[in-house]
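In what follows, a structure is listed as structure tokens, so that the remarks can point back to it.
The values are calculated or read from the model by the stated rules, or taken from the named source; none is laboratory data. The structure displayed is predicted, hence computed values, not measured ones. Note: ideal-geometry Cβ built from the backbone for every residue, glycine included; neighbour counts use all protein chains shown.
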Amino acid sequence: MAAVTAGADRAAPSTRRAPAGQRVSTSWTFLGLLERDWVVMKREWVAVLARSAMQPLLFIVVFGWILQKLGTVNSDMGTFLIPGILAMSTMLSGMQAVMMPIAIDLGFQREIDDRILCPIRVDLIGVEKILFGAGQGMLAALFVLPLAALIVPNADLSAGRLWALIPMLIATSLMSASFGMFVGTLVPPRQLALVMSAVVTPLMFFGCTYYPWVALAQVSVVLKWLVVLNPLVYASEGMRAVLTPSVPHMPVWGIVVGTLASVAVLGWIGIRRFTTRALE
């Protein structure tokens, strides 16, 4: 897998060139690295799309359409489901876009060495990876949302607050990519499957994707406050506040504080870990 990724990277040089006779600036190098990653992604867009959207779409089709037609779930299930699925698809896409390449680049073959030779600070390479992953998270969300609205036409989505959707998507995408950087710098490539099953899956089920956060008080007050450590909770509740404001959700100030804190903490730790490991 690492060899294939490395081969794809070498086959996709950036088309950005610095003006002749001028010193290459940090911003120019940063944009060149970002463009290079996008060129590689465009060559693998089918795999990226399948990885990002397949699972959320299956959840929407099964729970939001098939089970509703069968009468197994309530007709308003789609209203609860779409915001959470949108948050989950954004988180999964952004996280995987950063976590897997970073774990491979920092692995035994040290694919990261060609990046740290660029005329740019090492921590800015980590920032570039987060921005690239956030872009993939945004694309996944913009792909899933209109399909979800078509598949579940009876979902009570509020079009009047769509102006707040883009800032929420940007914040969620940055949070997902920061989380991917955090995890990718902690585990070797051979343990990524274990991380997905033992860490990511519980985060998804306890991320308030299928139920509002305030409803957890009916189950356990302790669980309600324990899940606030999960960054997906703020993504799900934020999407719920924007798309389905009639559904009970976390206070907006709590969503904003939790999202910004998650981005700051996960991004800071992830970039520090990346810088340390890249220079080992």
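Close contacts from the stretch 98-122, counting a first residue that is within 17 Å of V40 (Cβ to Cβ) and a second that is of a type in the set (V, I, T) and assigned to a helix (DSSP H, G or I), with Cβ to Cβ under 7 Å and a gap of 6+ residues or different chains, come to V98/I130; M99/V183; P101/T5; I104/T5; E111/I104; R115/I125; C118/T29. If the condition is being more than 30 Å from R277 (Cα to Cα), of a type in the set (A, V, I, L, M) and not in a loop (DSSP other than H, G, I, E, B), then the stretch 180-222 contributes V214, A215, L216, A217, V221, V222.
W225 falls short on exactly one of the conditions (1) within 16 Å of Q55 (Cβ to Cβ); (2) part of a helix (DSSP H, G or I), and that condition is (1).
Would you say L67 is over 22 Å from E35 (Cβ atoms) and out of contact with any Pro (no Cβ under 8 Å at 6 or more places or on another chain)? So L67 fits the description; yes. Which of (1) within 17 Å of the chain's Cα centre (by Cα); (2) surrounded by fewer than 14 Cβ atoms within 10 Å (Cβ to Cβ); (3) not in a helix (DSSP H, G or I) is the odd one out, the single condition E280 does not satisfy? Tallying (1) within 17 Å of the chain's Cα centre (by Cα); (2) surrounded by fewer than 14 Cβ atoms within 10 Å (Cβ to Cβ); (3) not in a helix (DSSP H, G or I), E280 fails exactly one: (1).
Restricting attention to the stretch 76-108 and to residues that are more than 26 Å from E280 (Cβ to Cβ) and among the β-branched types (V, I, T), the residue that is surrounded by the most Cβ atoms within 10 Å (Cβ to Cβ) turns out to be T90. Taking the listed residues L169, L147, L131, the one that is at pLDDT 85 or above, surrounded by fewer than 22 Cβ atoms within 10 Å (Cβ to Cβ) and under 22 Å from V48 (Cα atoms) is L131, with no other qualifying.
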